Amino acid sequence: MYDVNYKKWADYIEEIFKINGVKPSLIADLGCGTGSFCIEMDKRGYDMIGIDLSPDMLDCAKKKSEGRDILYLNQDMSNFELYGTVDAIVCLMDSINYLLYVKDVKRLVKLVKNYLNPGGLFIFDINTPYKFRNILKDNVFYDISDEITYVWQNRFDSKKKICEFDITFFIKEGKYYKKYDEVHYERCYEIDELKKIIAWSGLTLVNLYHDMTFNKPLAKSERIFFVCKNGG
């Protein structure tokens with residue numbers, strides 16, 4: 001995630017707030033990772049709650065957030081628990097795709113409905129079916145730089161709708177490079193499938209947007225944003 005422009009993401013989310021006429025104070029970030037988005041939003045005056053399953057990620061987030069009043073919770077985002085309701089909930093950077101079972105997505109969205117104040121927004125994005133089938137499928141990606149080099153190989157099972165990412169990193173530590181191997185899995189969700197889950201939960205789907213724009217999704221959109229509201 002070293003190349004992610006979190007300021008741009010925060011600008012985009014704030015614009016969604018503005019378009020929908022909401023001014024949230026307390027925001028929960030599901031799948032917050034190392035806290036970069038939480039920190040960017042905290043800088044802008046929002047009260048942030050970051051939720052992630054990985055203790056290592058949260059340890060990093062706490063170190064990066066030293067001196068900031070951000071609450072981090074070590075919880076499964078598909079089974080999270082808050083102390084009260086919040087004004088907005090986000091789940092960004094295709095975190096929804098990391099939930100490999102429909103039942104987990106349904107539970108997450110139902111919990112969002114439960115913890116979201118009336119009129120509050122739930123914003124999330126996904127890697128689209130087009131991206132899984134045409135961009136990620138069985139392809140190899142790599143990036144070479146002085147500090148970090150990675151090789152990323154994918155295998156997509158079209159029947160199970162699961163994509164396996166095998167990633168090898170070479171990260172510079174002092175004079176030498178250390179090798180790290182990771183395996184990630186994402187599930188391909190159909191747009192209509194997610195629409196039905198949103199309707200089932202009681203949330204209202206307000207808009208679908210093409211990647212970081214306010215345009216309608218295209219047939220070849222690789223990322224789509226869902227904007228949902230608690231109430232009509």
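The values are calculated or read from the model by the stated rules, or taken from the named source; none is laboratory data. No experiment lies behind these values; they were computed from the predicted model shown. With ideal geometry, Cβ positions are generated from the backbone for all residues, glycine too; neighbour counts draw on all protein chains shown.
Filtering the range 153-170 for residues that are of a type in the set (Ser, Thr, Tyr), over 19 Å from the mean Cα position of the chain (by Cα) and either within 23 Å of Val90 (Cα to Cα) or not in a strand (DSSP E or B) (or both) leaves a non-empty set. Has the range 206-227 got at least one residue that is in a loop (DSSP other than H, G, I, E, B), small (Gly, Ala, Ser), modelled with pLDDT under 95 and more than 17 Å from the chain's Cα centre (by Cα)? No, because not a single residue in the range 206-227 is in a loop (DSSP other than H, G, I, E, B), small (Gly, Ala, Ser), modelled with pLDDT under 95 and more than 17 Å from the chain's Cα centre (by Cα). Of Lys137, Lys179, Lys161, all but one fail to be buried (at least 17 other Cβ atoms within 10 Å of the Cβ), of a type in the set (D, E, K, R) and not assigned by TED's automatic domain parsing to the domain that holds Ala10; the exception is Lys161.
Residue count for the range 186-201, restricted to those that are surrounded by 13 or more Cβ atoms within 10 Å (Cβ to Cβ) and touching a residue at least 40 places away in the same chain (Cβ under 8 Å): 10. Taking first residues from the range 96-121 that are under 15 Å from Lys195 (Cα atoms) and partners that are acidic (Asp, Glu) and in a helix (DSSP H, G or I), the Cβ contacts under 8 Å between residues at least 6 apart in sequence or on separate chains come to Val102/Glu193. Among the residues of this structure, Asn79 counts as one that is surrounded by fewer than 15 Cβ atoms within 10 Å (Cβ to Cβ), over 26 Å from Lys7 (Cβ atoms), polar (S, T, N, Q) and assigned by TED's automatic domain parsing to the domain that holds Leu205.
Considering every residue within the range 52-69, establish whether at least one is closer than 19 Å to Arg223 by Cβ, surrounded by fewer than 18 Cβ atoms within 10 Å (Cβ to Cβ) and not assigned by TED's automatic domain parsing to the domain that holds Phe165. Within the range 52-69 (the criterion being closer than 19 Å to Arg223 by Cβ, surrounded by fewer than 18 Cβ atoms within 10 Å (Cβ to Cβ) and not assigned by TED's automatic domain parsing to the domain that holds Phe165), the answer is no, since none of the residues qualifies.
Regarding the range 27-39, can at least one residue be identified that is free of Cβ contacts under 8 Å to residues at least 60 places away in the same chain, closer than 12 Å to Ile89 by Cα and in a helix (DSSP H, G or I)? Yes, the range 27-39 contains at least one residue that is free of Cβ contacts under 8 Å to residues at least 60 places away in the same chain, closer than 12 Å to Ile89 by Cα and in a helix (DSSP H, G or I). In the set Ile51, Ile19, Ile13, only one residue is more than 20 Å from Gln75 (Cβ to Cβ), touching a residue at least 24 places away in the same chain (Cβ under 8 Å) and within 14 Å of the chain's Cα centre (by Cα); that residue is Ile13. For Leu73, the conditions (1) more than 15 Å from the chain's Cα centre (by Cα); (2) part of a helix (DSSP H, G or I); (3) under 24 Å from Arg187 (Cβ atoms); (4) of a type outside the set (S, T, N, Q) are fulfilled apart from (2). Looking at the range 77-84, can you tell me whether even one residue there is at pLDDT below 95, of a type in the set (Phe, Trp, Tyr) and on the phi < 0 side of the Ramachandran plot? There is at least one residue in the range 77-84 that is at pLDDT below 95, of a type in the set (Phe, Trp, Tyr) and on the phi < 0 side of the Ramachandran plot.
Filter the range 74-118 down to the residues that are out of contact with any helix residue (DSSP H, G or I) (no Cβ under 7 Å at 6 or more places or on another chain) and aromatic (Phe, Trp, Tyr) and list them by number. The answer is Tyr83, Tyr98, Tyr101, Tyr115.
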